Amino acid sequence: MINPNDFLAAGQQLHGHKCPAMPLGLRAGAAAMNALGVDRAQDGQLVALVELGDGHCAHCFADGIQMITGCTFGKGNIQKLGYGKFGVTLIERATGRAVRVVPRAEAQLASKKSVFFTEYREKGIPASQVPPALVEPMIAQVMGAPQEQILKVGDIHQHVLPKPAEAFESFVCPRCGDMVITKYGRDLGGERICQPCFDAARPSA
Ligand SMILES: [Zn+2]
Ligand SMILES: [Zn+2]
């Protein structure tokens, strides 16, 4: 069993400020891992599909998911589905076993009525500027609430992923001198160059 409390301090360090959404990501990630009975991904053993969109509240959730599951932007085993929702589907790559976990809407609605949101975040004040006396109890609430009170854990199902391919071939762009992964190169009159140099060489449309 993975304990989300073991990842709180590291998660806050990664994330940069204290807020309730990153801890909610820790809880959701832990719930998914415990449902599947899997360990944190050292490589690409797990894949996380997060339903977040762009530019909306509680994106911070994704950093909690990255922290606890080991599904990270750098390893490429986390994907954003762009639904504007807070669900996460965690998949064990070797078996295709998967589970979707989503914060309960009631719990999220209650959190949105808090002073943290109404007096600070919705008025454009960054989370780092909110007094700790307001944020700390919200974090404690998220970290301490019974799982079934804040999260819905779905049934274990099959989610087959395409085989991961890792490209190692690269070339040096003759125009800018940067290294480029070969499949991202573009052909301009027989010259193999990078995308930005290709874009710069074309007459603007
Ligand atoms: Zn945050
Ligand atoms: Zn270039």
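Couple of notes before you dig in:
- For Ala62, neighbours were defined as the other residues whose beta-carbon sits under 13 Å from its Cβ, and their charges (Lys and Arg +1, Asp and Glu -1) total -1.
- In sequence order, segment 181-190 has phi-based couplings of 5, 3, 5, 8, x, 10, 9, 10, x, x Hz under the Karplus curve 6.51 cos²θ - 1.76 cosθ + 1.60, θ = phi - 60°, and Gly or Pro positions carry x.
- 0 to 90° range, to nearest 10: angle between helix 21-36 axis and the chain longest Cα axis: 90
- Relative contact order (percent, whole number), segment 4-158, Cα cutoff 8 Å, 6+ residue spacing: 29
- Under a 5 Å amide H cut-off, with hydrogens placed 1.01 Å from N, Leu151 pairs with Arg104 among residues at least 5 apart or on other chains.
- The per residue volume of the convex hull around the alpha-carbon atoms of segment 46-100 is 71 Å³.
- Cα-projected label distance for Val172 with Leu109, points at 7 Å along beta-carbon direction, nm: 6.1
- Normalised by 2.2 N^0.38 Å, where N counts its residues, the alpha-carbon radius of gyration of the chain equals 1.23.
- Reduced Cα scattering model of segment 150-205, Debye log10 I(q)/I(0), q = 0.15 Å⁻¹: -0.57
- Computed over the Cα atoms of segment 48-162, the ratio of the radius of gyration to the Kirkwood radius (Rg/Rh) comes to 1.00.
- Local net charge near Leu151, Cβ-Cβ under 10 Å (Lys/Arg +1, Asp/Glu -1): +2
- Computed FRET value (nearest 0.05) for Glu136 with Lys85, which takes r as the C-beta separation and R₀ as 41 Å: 0.90
- Near Val88: Cβ cut-off under 10 Å, other residues only, Lys/Arg at +1 and Asp/Glu at -1. The net charge is +1.
- Peptides 6-18, 65-77, 123-135 ordered by average Cβ neighbours within 10 Å, highest first: 65-77, 6-18, 123-135
- Farthest toward positive dipole pole in the chain [+1 Lys/Arg, -1 Asp/Glu at C-beta], among Ile139, Val99, Cys194: Val99
- Compared with the dominant principal axis of the Cα atoms in the chain, helix 132-144 is inclined by about 90°.
- Distance in nm between pseudo-label sites at Gln42 and Asp54 (7 Å out along the Cβ direction from Cα): 3.7
- The chain - share of DSSP beta bridges that are antiparallel (%, nearest 5): 85
- Dipole in debye (nearest 20) - the chain, about Cα centre, beta carbon charges: Lys, Arg +1; Asp, Glu -1: 280
- Listed by chain and number, the lysines placed with their C-alpha closer than 25 angstrom to that of Lys183 are Lys75, Lys80, Lys163; residues fewer than eight positions away on the same chain are left out.
- Per-residue extension of 0.36 nm, minus the Cα-Cα distance of Gln158 and Met143, leaves a gain of 2.5 nm for this segment.
Every number in this text was worked out from the coordinates using simple rules, so none of it is lab data. Because the structure is a prediction, the values reported are computed rather than measured. FYI the Cβ positions are ideal-geometry reconstructions off the backbone, even for glycines, and counts take in every protein chain you see.
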